[in-house]
Structures are given as C-alpha cells and as structure tokens.
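Contents: one structure, followed by commentary.
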Amino acid sequence: MNQRRFLKRFFFGIILCLLGVIFLKFYFNYKSSLQNATLTALDYPQNNYLLLTFTRLNNWVYDFFHFNQIRLKAYYLNDINNELSQKLLELTNLQQENETLRKALNLKEEKKWNLIPAKVIFTDPTGLTGNIWIDKGLKDGIKPGMNVILDNESLIGVVNECFDYYCEVNTIFTPQTNISSKDINTNTIAILTRSLKGEFIFKLVPHEANIQSNDILVTSNENKQYLQGLIVGKIKNVISEEMSLKEYLVEPMFSFDKLNNVLIITNFIAPHD
C-alpha cells in the first residue's frame with residue numbers, strides 16, 4: 001500500500017515538473033506577444049504596481065534561466081572596459097608627448113637649442129640617489145654632460161652615464177647638489193644646495209639683498225655643469241638671518257616622483273669626469 005502511494009506521488013511529481021518545463025518553454029517562445037498583451041491590458045495608472053511586479057518577476061525568471069549567458073556578457077564587457085581604459089591611457093600619454101614636442105619646437109626657436117624629447121622610464125624609488133633613467137641613449141646621440149630640462153625651462157639635471165638605448169641622469173635632487181644660482185629680481189648670486197635633510201637652501205646670500213618670497217632662481221654663468229638661465233626653483237621664506245649672510249628655503253619647480261616627459265639639450269656638453 002505504501003509502495004503504491006509512493007509511486008503515485010513520484011509520478012505526480014514528474015508530471016508537475018514536465019508541465020512546468022512545458023509552461024516555461026511556451027512562455028519564452030511567446031514572451032514578446034504575451035508581454036505586449038499584458039502591457040496593453042495594464043496600461044493604466046492604478047495598475048502600475050502590478051505591472052512593476054510582473055516585470056520584476058519576468059526579469060528574475062529570465063536571469064535564472066540565462067545565468068551563464070549573462071555571466072559571459074559580463075566578462076566580455078569587463079574585457080572591453082579594460083581595453084578602453086588602456087587606450088585612454090595611451091591617448092593621454094600621446095597627448096602629453098605631443099604637447100611636449102610642441103613646446104620643444106617653440107623653445108628651440110626661441111633659445112636656439114637642439115632638443116631631443118625623452119621619456120622617464122625609471123625613477124629611484126628610494127629617492128636616495130636622486131637619479132632617473134630616460135629612454136634615449138648613445139644610439140640617439142645622447143652623451144654624458146648634456147643638460148636635461150622640462151618644457152618650461154626648469155632644470156632637471158645632467159646626463160651622467162649612457163648606454164645604447166637609455167641613460168642615467170643625475171637630477172638636482174641628488175644629495176649635496178650645489179648650483180650657482182641667481183635671483184632674477186635682484187640679480188643676487190649665491191649657492192643653491194640640497195641639504196642632508198633633503199631641503200633646498202639658497203645660502204651665502206648677502207644681508208642687504210632684498211629677496212622676496214616667490215622670487216625665481218635661475219642658473220648663473222658661474223656653473224660648469226649647467227647652461228645659464230635655467231630655472232631651478234622659487235624662494236619660499238628666509239630661514240636664517242645672521243649679521244652678514246642669509247639663508248632661504250627654496251621650492252623646486254617639479255616633483256621628483258612625477259617626472260614623465262623631459263627634453264635633452266644636445267648642443268651643450270658640460271665637462272664630465
């Protein structure tokens with residue numbers, strides 16, 4: 001008796017499952033016509049809640065039976081998004097390079113410099129050496145002693161060592177850098193140095209010099225390593241004032257860890273050990 005009841009329930013369950021599958025297959029085959037008919041019948045303001053409930057149920061059922069397809073579409077869209085992000089980054093870099101080249105051409109005409117653009121490919125992550133590496137080398141005509149600048153005439157440093165396809169550059173962030181510099185507002189010449197604390201100090205300044213905050217410092221003609229007139233920083237404030245000499249804190253014109261595109265002046269080669 002129990003076995004017969006079990007078999008009846010078993011076959012009844014199978015019949016219900018088959019009817020459910022047939023119903024869902026019928027629904028998806030005639031989904032569009034049923035949906036249009038339902039929307040037409042429920043196209044009244046008082047039936048909006050019922051329509052919303054039907055739409056949500058419809059979406060849930062569709063998503064349930066098309067899970068793998070939806071997942072593949074998500075993967076595909078994610079790949080497209082990554083590809084577009086990469087293209088956007090390449091486009092941004094290209095725009096920066098074009099802008100650098102445009103400014104380099106203007107700078108070349110104005111200063112009569114021979115300039116080669118380069119890209120910074122590595123920066124000392126510790127910041128201890130103050131060195132960077134650029135993607136131009138001996139094959140491009142780059143030699144040790146050439147000055148490296150930004151397109152706004154700010155001094156980056158001097159090429160130290162070259163290989164066929166890349167070079168090492170000693171920047172002004174190299175410890176204990178000393179640059180003979182001139183305040184362009186007062187024509188005061190003194191020494192710009194990078195202290196052991198990593199600060200840029202304009203020192204040995206005569207007491208009578210009327211140097212103000214935001215004054216621009218440029219390289220003077222007393223330097224052997226650097227061309228005259230390259231921007232090296234701007235005055236922040238006085239930090240020491242003795243009877244005869246002053247010292248000023250100086251802010252560099254660029255961030256060491258944000259260097260990207262630079263220019264190499266090829267028609268000036270400083271003496272190099």
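Meeting the requirement of 2 or more residues that are β-branched (Val, Ile, Thr) and within 24 Å of VAL218 (Cβ to Cβ), the strands (runs of 3 or more DSSP E) wholly within segment 136-205 are 146-149, 155-162, 167-171, 188-194. Across segment 155-192, the number of residues qualifying as surrounded by fewer than 19 Cβ atoms within 10 Å (Cβ to Cβ), of a type in the set (S, T, N, Q) and within 24 Å of ASN210 (Cα to Cα) comes to 5.
In segment 242-265, the residues that are in contact (Cβ under 8 Å) with a residue 24 or more places away in the chain form Cβ pairs under 7 Å with partners that are assigned to a helix (DSSP H, G or I), at six or more places apart or across chains, as follows: ASN260/GLN96; ASN261/GLN96; ASN261/GLU97; ASN261/THR100; LEU263/ALA104. Scanning segment 142-163 for residues that are within 24 Å of the chain's Cα centre (by Cα) and of a type in the set (A, V, I, L, M) yields VAL148, ILE149, LEU150, LEU155, ILE156.
Which of the following residues is touching a helix residue (DSSP H, G or I) at 6+ places or on another chain (Cβ under 6 Å) and either of a type in the set (A, V, I, L, M) or on the phi > 0 side of the Ramachandran plot (or both): LEU128, LEU204, LEU192, LEU115?
Details: LEU128 fails: touching a helix residue (DSSP H, G or I) at 6+ places or on another chain (Cβ under 6 Å); LEU204 fails: touching a helix residue (DSSP H, G or I) at 6+ places or on another chain (Cβ under 6 Å); LEU192 fails: touching a helix residue (DSSP H, G or I) at 6+ places or on another chain (Cβ under 6 Å).
Residue meeting the stated conditions: LEU115.
Scanning segment 151-169 for residues that are within 19 Å of PHE200 (Cα to Cα) and modelled with pLDDT under 95 gives GLU153, SER154. The residue that is surrounded by the most Cβ atoms within 10 Å (Cβ to Cβ), counting only those in segment 221-250 that are out of contact with any His (no Cβ under 7 Å at 6 or more places or on another chain) and among the charged types (D, E, K, R), is GLU247.
Of the residues making up segment 141-182, just one is in contact with a Phe, Trp or Tyr (Cβ under 8 Å, 6 or more places away or on another chain) and among the charged types (D, E, K, R), namely GLU168.
The values are calculated or read from the model by the stated rules, or taken from the named source; none is laboratory data. These numbers were taken from a predicted model, which means no experiment stands behind them. Positions of Cβ are backbone-derived with ideal geometry, glycine not excepted, and every protein chain shown enters the neighbour counts.
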